Structures are given as C-alpha cells and as structure tokens.
Amino acid sequence: TTVKLANLKQPYRREALENFRATMTADIATVVERVREGATFYVTPEGDFSHDGRMRPMRNGLTEAVLPVADPWLCAIAYDPFRGRRLSMLYRVLPPADRNDLGASLAAARAVTTSALLATFLCAGEAPFDAVDARRSVLAQLAALPANVFADPELRLDPEAAVTEALSVLVRLGILASDGPRYRLTQNRVDARFPHVADMVTFQRNMLEETLAAAARLP
C-alpha cells in the first residue's frame, strides 16, 4: 500500500525521511558525476502538471547541484488546444536567458499561442461578442508582445485565420455558444484532453500572464 510520509507515525516517519534523504543525496552525487563525465541528464523540476496554467514551484535540489558542472538547456512547452482537430503542442529547446533564474527563463520561453491570446480576450468580459471583436483583440495583443517573447509562427503569419479556426474549435468543445454571428462563453470550460484542468480558458489566460511577467523580469 502506498501512503504519504505525513501519514506515517513515529518512529517510522523519521526512519523513512532519513532513508529518503540518504538515497536522494547518493542519487544526486551519481547524477553530478555522470554529467561531469559528459552525460546529458533530463529533469522535470516542476514535478507535476499545472492545474491552473501557472508553473508549479521549481524543485531546485538536483538542478542546483548539476548547474556548476553543466550547460543548462530548457524545453519550454505550450499547448494550443483551441487550434485544429488534433492537439497542437509547441516546444522550444534553448539555453536559459538567465542561469540564475531558471523558472523565469522557462516561463518566458514558452510560445505565445492563439489559445492564450483569445482566452485573455474571453476572460476580459462576459458580454456576447462577434468574430471581429476577437480578431481585433488578438491582433492588438500580438502587436504589443515584448521583443523577448516568442509567438507561434502560424499565428504571426495569419492571425485572422488562426482566430477564426479557434472560434470554431471553441464552439465544437462547447466552451463557446454561437448565436448567429455572435458568440458567448458557456459554463463549460473543460477540455477532455486535460482532465486535471477545471477551466481551460482561465488556464490559458494565466499562462500568458505568467509568460509576460517572466519576460519582464529577465535582462
């Protein structure tokens, strides 16, 4: 049976923690030695998927131990769930903008997607809107992105087509309802492909806000 350490009673909890620390210390030492010898090591420092669009706290023990002997590279991932019939994922592999702030470097490196910009527009108001309103907002947000933020090249190439496609996907998902030429948000904000996310619209908006805030922190 798997139980949380917090549920163990003493002295078993103390023994388990001591064993965990000893094992972790030995494992980190092994990883550092392998990296020093030239190996590549992949780590997911967040430890779990985000539930609200904001990155989870970075677990820095292993990362801090490896950094003195390694050249770090990031894999920044952003999903574009409101585009296409198949789930679109954009990833960027690049060195961090600031080795001393890997969290901000990772957040800022994520691609800005149609989903994120459109979700920001949708979260700004509950009133019905038409496609022109949505396109105008996405175009304005796209133009205002800072120079150190990367936007999806397909969105850059044809933002109006990207927004038109996203609106149709949102209707298909049931997140938007179409009343003639106008659209309105429904109470359904889920996407079956992300069962851990209760509100995909807010999730996308939060991710964009964090990306922009991280970019502003970087040199």
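What the table below lists for this structure:
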{"item": "For ASP130, distant residues with modelled amide H under 5 Å away", "result": "TYR183"}
{"item": "Extent along principal axes [Cα atoms of the stretch 1-68; Å; largest to smallest]", "result": "42, 34, 20"}
{"item": "With eigenvalues of the C-alpha gyration tensor scaled by 5 and rooted, the stretch 46-169, Å", "result": "32, 15, 13"}
{"item": "Karplus (6.51, -1.76, 1.60) ³J(HN,Hα), θ = phi - 60°, over the stretch 113-129, in Hz, Gly and Pro reported as x", "result": "10, 4, 4, 5, 5, 5, 5, 4, 5, 5, 6, 7, x, 9, 6, x, 9"}
{"item": "The stretch 1-47, dipole about Cα centre (Lys/Arg Cβ +1, Asp/Glu Cβ -1), debye to the nearest 20", "result": "280 debye"}
{"item": "Of LEU106, PHE194, TYR79, farthest towards positive along the dipole that unit charges on Lys, Arg, Asp, Glu beta carbons give the chain", "result": "PHE194"}
{"item": "Sequence-distant residues sharing a close amide H with ALA151 (under 5 Å, placed H)", "result": "VAL112"}
{"item": "Nonlocal amide H pairs with SER88, under 5 Å, H built at 1.01 Å", "result": "ASP80, ARG83"}
{"item": "Over the chain, relative contact order from alpha-carbon pairs under 8 Å, at least 6 apart, %", "result": "22 percent"}
{"item": "Kirkwood Rh (inverse of mean 1/r, distinct Cα pairs), the stretch 1-116, angstrom", "result": "16.9 Å"}
{"item": "Candidates LEU122, LEU17, LEU67, ranked by Gaussian network fluctuation over the chain, Cα under 10 Å, top entry", "result": "LEU17"}
{"item": "Simple Cβ-charge dipole of the stretch 1-129, Lys/Arg +1 and Asp/Glu -1, about Cα centre, in debye nearest 20", "result": "340 debye"}
{"item": "All-pairs Cα distance distribution in the stretch 148-219, expressed in whole percent, bin size 10 Å", "result": "17, 37, 36, 9, 1"}
{"item": "The chain - accessible surface per residue (Å², probe 1.4 Å)", "result": "59 Å²"}
{"item": "The stretch 83-156-the stretch 168-209 distance, computed between alpha-carbon centres (Å)", "result": "16 Å"}
{"item": "Taking the stretch 33-109 and dividing mean pair separation by its residue count, relative contact order in percent (alpha carbons under 8 Å, at least six apart)", "result": "22 percent"}
{"item": "Cα shape, the stretch 87-129, gyration tensor, a/c 1.5 rule", "result": "oblate"}
{"item": "From the coordinates shown, Rg and Dmax of the Cα atoms in Å corresponds to which of [x] 19.4, 66; [y] 18.3, 52; [z] 21.2, 67", "result": "[z]"}
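The values are calculated or read from the model by the stated rules, or taken from the named source; none is laboratory data. These numbers were taken from a predicted model, which means no experiment stands behind them. Ideal geometry is used to build each Cβ from the backbone, glycine not excepted, and the neighbour counts take in all protein chains shown. Note: areas computed on protein heavy atoms with side chains; ligands, DNA, RNA excluded. Shrake-Rupley method; radii C 1.70, N 1.55, O 1.52, S 1.80 Å.
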